[in-house]
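Take a look at the structure set out below.
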Amino acid sequence: MQTSFSPDQLADPHVAFSESILRRCVHCGFCTATCPTYVTLGNELDSPRGRIYLIKDMLENGRPADAEVVKHIDRCLSCLACTTTCPSGVDYMHLVDHARAHIEETYRRPFIDRMIRALLMVVLPYPARFRAALTLARLGRPFAPLLKKVEALRPLGAMLDLAPKSVPPASRPVAAAVAAPRRGRVAILTGCAQPVLDPGINAATVRLLGRLGVEIVTPQGEGCCGALVHHMGREEAALEFARQNVDAWMREIDGKGLDAILITASGCGTTVKDYGHMLRLDPAYAEKAARVSALAKDVTEYLAALDLPQQPSQGLTVAYHSACSMQHGQKITIQPKLLLKAAGFVVKDPAEGHLCCGSAGTYNILQPEISAKLKTRKVKNLEATKPDLIATGNIGCMTQIGSGTGIPVVHTVELLDWAYGGSKPAKLG
Amino acid sequence: MTAALIPATESEAADMVRDAGAAGRRLAIAGGGTRSGFAGGQQADAVLRSTGLSGIVTYDPAEMVMTARAGTPVAEVEAALANNNQMLAFEPIDHRALMGTDGEPTIGGVFATNASGPRRLSAGAARDSLLGIRFVNGKGEAIRAGGRVMKNVTGLDLVKLLAGSFGTLGFLTEVTFRVLPRPQAEETIIVSGLDDEAAAQVMALSMALPLDISGAAHLPESVRGRFLAGGLPEGPATVLRLEGLPASVPVRADKLVAALSRLAPLARLGTDDSRRLWREIRDVAPYADGTKRPLWRVSVAPAAGARLVADLRLEAGIDAFYDWQGGLVWMRMEADPEADLVRGMIRRHGGGHATLLRASDASRAVTPTFEPQPAAVAMLSERVRASLDPAGVFFSGQMGEA
Amino acid sequence: MSASIQFLKPRQDILSRRATIIADLLELLPPDCLVHEPRELVPFETDAFVSYRRLPLAVALPETTAQVSAVLKYCHRYGVPVVPRGAGTSLCGGAIPQEDALVIGLSKMAKILEVDLVNRCAVVQAGVTNLAISDAVGPDGFFYAPDPSSQLACTIGGNIGMNSGGAHCLKYGVTTNNLLGVKLVLVDGTVIELGGKHLDAAGYDLLGLVCGSEGQLGIVIEATVRLIAKPEGARPVLFGFETSEEAGACVADVIGAGIIPVAIEFMDKPAIEICEAFAKAGYPLDVGALLIVEVEGSEAEMDAMLAAIVEIARRHGVKRVKECQSATEAALIWKGRKSAFGATGRIADYICMDGTVPLSQLSYVLKRTDEIVKGFGLRVANVFHAGDGNMHPLILFNANDPDEAAKAEAAGNEILKLCVDAGGCLTGEHGVGIEKRDLMRHQYSTADLDQQMAVRAAFDPQWLLNPSKVFPLDGRPAI
């Protein structure tokens, strides 16, 4: 597509990079068809092609963001279904990242919006604060219907709805015994929200890998991957989280060495794998970040390489929900299903598997209406496969889908742990 | 007897139309006249005949395309095609026996009446094979539309508009159409003993199989004896045709037999008998009875045909058989056309249309031949007609009438 | 931006009444269904013919028949031009707006209303995508046959507007052959139905006329389409040749031998490389031209037909024959082919031609196309539906270089004229739009075009519907 930037504009490396992305788009429109918001709202402005055009117009004219542009960029789930579909290889992810940063720099959001975002940013990435907030949320739940009556306060209502009825006690994954022979040494991202909402996931990972002869370390100093603030356009804050994690992992890499950095929430995985790009302009970190990104792997990606033996039938049908960050962000599509099949489960693909469940980080809080529609659609498709349980590889999806169905939702790795000698996931009763 | 104008060239035809326009005379368009009698024409001042514009212009078998002047006899076209193992895929009906006419059907007449046979179901109608035309409009201008290639969206599709317009929009002088390889083998499976409703279900079930069925008709007991000189097995016959390569037809026929064998007794017809049977179905043989008893050609959704006939039987004396999986109903009335009854019932069965193909002069005088259109569509049709023939030179009969 | 194609001059009286018009439209539509903020209009300024752009007056995204009717009635009353839009995937600028026009987008009317397997048809709203129909009926063993490469995104309403084709129409025909009925809103807001579930519509073939009319006769809001039982099996086979000429001659001979596969697709070397890079479908990279030939039916039938095709291909010196081994591989082969245009975006900007030629002219036209494009100092990639002679040369250029853009356009015009002169036509399945509008006189005489315009005016006497498209701006009737 033709672009119109001045040499001055192109001197900014961010603009130059976005220009190179825009040049690839031929405006064919394929992306509209697989975009959850276009499918839901039927408006080009809420499609990837529409957003690309809005961003192009904003950047070319060097304009600050305005309410209209912000509305449509905010509605983007960053599910990246468009990048899977795009034949031209348009790097929508980095384009919309740029747009979000541009919005944060140039646009002042309405007061309540700012407060809610600030609240999310100071709470979610920090496990202790998040745990405390969830406990408070239980007290606040009766107010949810009231909050939802006021347009601007709907996110608060959504937040209360999503908060689990009970919060598991704080725990760090206990280092499990590592069986011989030793097959590797890996770090595991502890992360932020997942260990609060469901510490069982990383615990299962540690147990399973231990039995498989893989040593797991959780270096001091790592924490939130930064995705949360990154998707809110807080570029500097995101880079700070990234640098912190890079430092933590580099100490291990330079120490006893790491074969991989495992991530059990695919949303975080997409971001860690992008550290190399995010920090490319930081001379002190560019190289280290690239090394970290190269080592980052989803837990199923790593397990797939371990060649696990075929287990007898479990007599259970699993509907596999591929998280967007898994299938579109990291292009991991087949491995989790092969692992589940090898573990003895019957695996079903739901219709419209490419569509987002509406979780998308904080999307279900910030855009509750669209999110709810997507959740209903997703649950309907999942339930249509008549599964005994639903498996997925991302905590956000688990919370979202779990709030819409009575069918148990578990992490893929919990089922694998169970099938290969671990205990039955508590959620399965 | 109205005077006949028989131009030898397109420009002569254009002159004749212009002259008629200037003189305020109305022309009825005709080819061989074998399909006449149902689109009117008696009230015109003269008949403009295409028979002087005859002959195949180009035929390239490798391209599967033929161009012929409108007055070329269908027999000549089909003979040329047969020499190259090709055919008109849409199996144009020969109306002569049915309508009691004689003379030579012309290729222009085929397209002007969109005359399509049993393969309509799989290969489309005449209009689907028509790629390009030349015609003279009501202003006496020679117009070209379409071309000679299959895929063509260059401008408005006047080709489709003229196809099936019964000579009311323009005088076709030349037609270019797609032809297909003639199937080397064919076989018909006969399912015996089904009533109309059960037959509709069996035809629907068969058409849903991946067997590429190219004909699906139901011949109730009342007409069964009039096909193949009484050679079909006892009981109503539901007939399904398979065509194609000699290696493939028997294989598909076996599969069809396997799918249907528990439903009813089955029989099979080989290539020659099958060809004869479908020709008779195409030409509505049972009702080519030398009478003027009213005959309707009814087009409805396939599943609606049998129910429509059943409901009509409660109120009038009719005999009927079905083609196009039940969607084309040939219906002969015992006495009156009962147009209001027939057309009202079609509307109650999900819509469609009925054409009064044959009737006594007295019935015809009081019965619209073509399905009356809703007012908005009729007005639009009239504006379209006027855009081709503003002065009304061509006798418009009853096309597009409200 | 290229500038050689003109649009109608915007009507000042409409532009000056913009605020009133928008206020009035907001009375007829819910707020979510009218886009009118200037910034928000920018993404609607073009379609997939991205060389040309015009901002619309506003964009209506109606949700109901009543809304479409009310909006058209309003526009008709006040003389506001209207540009219909489906998914905006037109390669000829069919959905590009103009400054004084209201875009009516059908993207919110995207429901499959009824699937009727007994009568083998589906009733869908105009905004339903082409592929969604096949997806909906696939589990029951049926499909909707026309399959334009953009079928993932393009809508059935747009398909009807352009009489879209696709790879498989060699056997199954194009949209007009698979369309049973439409619900159409006329320019004055009147809603009419043409055809239905029965095979032949009554009266004049207005349905046939509407199909391919590029939104100039009315706005299609619903369609009844024919469904076909899926064949027992389908197998695409790759035939690699040294030269494009050999491949072209092979196609003509296959058809000439009375063999009609479901699809014969052609790719030249640049196209093979582009598609392989995206789809990793296993296309041979050591050949000069590739045919994807798909046969279908039972195993025995496919074997028999393939054997005959292989024999013909050998006579034309085929270098590689590759049968695909699995459904996954077949899907990748088609994914690569259908993504060809978009994938070209990885290496360059392009404009895509759509002329159709008689098969006997295929080799000659390919050769001349290459010469023409080279003559302008540009590159070309060819990927198209060879079985029906529908060519798609992609002229590659740099859109940020105005000189190259102008050359690409000039080369395209030469190629299209070549197609007409070779006995073909300007456009096989993409439509005329604005792109080929000024070439119409190369294919048609004044009388031919006048007649088409007269028929058009019977539907839309004021020329309000998609007015800048299809017919050359000079020589139009006075309104």
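Numbers at a glance
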{"read-out": "Scope segment C:188-205; condition at the interface with chain B (Cβ under 7 Å from one of its Cβ atoms), of a type outside the set (A, V, I, L, M) and either free of Cβ contacts under 8 Å to residues at least 40 places away in the same chain or surrounded by 24 or more Cβ atoms within 10 Å (Cβ to Cβ) (or both); matching residues", "value": "C:196, C:197, C:198, C:200, C:203, C:204, C:205"}
{"read-out": "Members of segment B:207-223 that are buried (at least 21 other Cβ atoms within 10 Å of the Cβ) and assigned to a helix (DSSP H, G or I)", "value": "B:207, B:223"}
{"read-out": "Condition check for residue A:255: farther than 23 Å from residue A:92 by Cβ and without any contact (Cβ under 8 Å) to a residue 24 or more places away in the chain", "value": "yes"}
{"read-out": "Members of segment C:190-236 found to be farther than 27 Å from residue B:302 by Cα and at pLDDT 95 or above, listed by number", "value": "C:190, C:213, C:214, C:215, C:216, C:217, C:218, C:219"}
{"read-out": "Residue in segment B:99-110 that is in a helix (DSSP H, G or I), within 14 Å of chain C (Cβ to nearest Cβ) and closer than 26 Å to residue C:212 by Cα present", "value": "no"}
{"read-out": "Selected residue (only one of A:108, A:51, A:24 is within 12 Å of chain C (Cβ to nearest Cβ), surrounded by fewer than 23 Cβ atoms within 10 Å (Cβ to Cβ) and of a type outside the set (A, V, I, L, M))", "value": "A:24"}
{"read-out": "Exclusive hit being of a type outside the set (Val, Ile, Thr), under 21 Å from residue A:88 (Cβ atoms), touching a residue at least 40 places away in the same chain (Cβ under 8 Å) and surrounded by fewer than 24 Cβ atoms within 10 Å (Cβ to Cβ), set C:322, C:280", "value": "C:280"}
{"read-out": "Count - residues of segment B:126-168 that are within 23 Å of the chain's Cα centre (by Cα), facing chain C (nearest Cβ under 8 Å), assigned to a strand (DSSP E or B) and over 18 Å from residue C:424 (Cβ atoms)", "value": "0"}
{"read-out": "Test: residue in segment C:296-319 that is at pLDDT below 95, in a strand (DSSP E or B) and either over 30 Å from residue A:331 (Cβ atoms) or within 23 Å of the chain's Cα centre (by Cα) (or both)", "value": "yes"}
{"read-out": "Residues of segment B:201-222 classified as touching a Phe, Trp or Tyr at 6+ places or on another chain (Cβ under 9 Å) and within 8 Å of another protein chain (Cβ to nearest Cβ), total", "value": "1"}
{"read-out": "Residue within segment C:12-24 that is among the basic types (Lys, Arg), within 14 Å of another protein chain (Cβ to nearest Cβ) and assigned to a helix (DSSP H, G or I) present", "value": "no"}
{"read-out": "Condition check for residue B:50: more than 28 Å from residue B:329 (Cβ to Cβ) and surrounded by fewer than 16 Cβ atoms within 10 Å (Cβ to Cβ)", "value": "no"}
{"read-out": "Filtered residue count, segment B:67-86, keeping only those that are touching a helix residue (DSSP H, G or I) at 6+ places or on another chain (Cβ under 7 Å) and buried (at least 18 other Cβ atoms within 10 Å of the Cβ)", "value": "7"}
{"read-out": "Residue under evaluation residue B:42, criteria (1) over 16 Å from the mean Cα position of the chain (by Cα); (2) away from chain C (no Cβ under 14 Å); (3) modelled with pLDDT of 95 or more, criterion not met", "value": "(3)"}
{"read-out": "Segment C:59-90: number of residues that are crowded, with 24+ Cβ neighbours inside 10 Å and free of Cβ contacts under 8 Å to residues at least 12 places away in the same chain", "value": "0"}
{"read-out": "Counted residues, segment B:177-206 - those being part of a helix (DSSP H, G or I), buried (at least 21 other Cβ atoms within 10 Å of the Cβ) and of a type in the set (D, E, K, R)", "value": "1"}
{"read-out": "Among (1) out of contact with any His (no Cβ under 9 Å at 6 or more places or on another chain); (2) closer than 22 Å to residue C:286 by Cβ; (3) outside the structural domain of residue C:291 (by TED's automatic domain parsing), the one test that residue C:329 misses", "value": "(3)"}
{"read-out": "Per-region count, segment B:277-323, residues part of a helix (DSSP H, G or I) and either among the hydroxyl-bearing types (Ser, Thr, Tyr) or at pLDDT below 95 (or both)", "value": "1"}
{"read-out": "Restricting segment C:25-53 to residues that are at the interface with chain A (Cβ under 9 Å from one of its Cβ atoms) and of a type in the set (Ser, Thr, Tyr), the residue that is nearest to residue A:72 (Cα to Cα)", "value": "C:46"}
{"read-out": "Complete set of residues in segment C:212-242 that are part of a loop (DSSP other than H, G, I, E, B), surrounded by fewer than 24 Cβ atoms within 10 Å (Cβ to Cβ) and either touching a Phe, Trp or Tyr at 6+ places or on another chain (Cβ under 7 Å) or among the small types (Gly, Ala, Ser) (or both)", "value": "C:230, C:233"}
{"read-out": "In segment B:80-97, the residues that are hydrophobic (A, V, I, L, M, F, W, C) and under 20 Å from the mean Cα position of the chain (by Cα)", "value": "B:81, B:87, B:88, B:89, B:90, B:93, B:97"}
{"read-out": "Output for segment C:252-277, where each listed residue is touching a residue at least 60 places away in the same chain (Cβ under 8 Å), in contact with a Phe, Trp or Tyr (Cβ under 7 Å, 6 or more places away or on another chain), part of a helix (DSSP H, G or I) and not charged (D, E, K, R)", "value": "C:275"}
{"read-out": "Residue A:89 vs. criteria outside any helix (DSSP H, G or I) and either facing chain C (nearest Cβ under 8 Å) or surrounded by fewer than 19 Cβ atoms within 10 Å (Cβ to Cβ) (or both)", "value": "yes"}
{"read-out": "Index of the failed condition, residue C:335 passing every other in (1) part of a helix (DSSP H, G or I); (2) touching a Ser or Thr at 6+ places or on another chain (Cβ under 6 Å)", "value": "(2)"}
{"read-out": "Any hit, segment A:329-339, residues being of a type in the set (D, E, K, R) and either free of Cβ contacts under 8 Å to residues at least 12 places away in the same chain or touching a Ser or Thr at 6+ places or on another chain (Cβ under 6 Å) (or both)", "value": "no"}
{"read-out": "Residues of segment A:368-408 satisfying the condition of being under 16 Å from residue A:427 (Cβ atoms) and among the hydrophobic types (A, V, I, L, M, F, W, C)", "value": "A:382, A:389, A:390, A:391, A:395, A:397, A:398, A:401, A:407"}
{"read-out": "Single match in A:347, A:292, A:299, A:318 (criterion: assigned by TED's automatic domain parsing to the domain that holds residue A:206, closer than 21 Å to residue A:409 by Cβ and surrounded by 15 or more Cβ atoms within 10 Å (Cβ to Cβ))", "value": "A:299"}
{"read-out": "Residue list for segment B:94-112, restricted to those being farther than 23 Å from residue B:135 by Cα, hydrophobic (A, V, I, L, M, F, W, C) and touching a helix residue (DSSP H, G or I) at 6+ places or on another chain (Cβ under 7 Å)", "value": "B:98"}
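The values are calculated or read from the model by the stated rules, or taken from the named source; none is laboratory data. Nothing here was measured: the structure is a model prediction, and the numbers come from that model. Glycine gets a Cβ as well: all are built from the backbone with ideal geometry, and neighbour counts include every protein chain shown.
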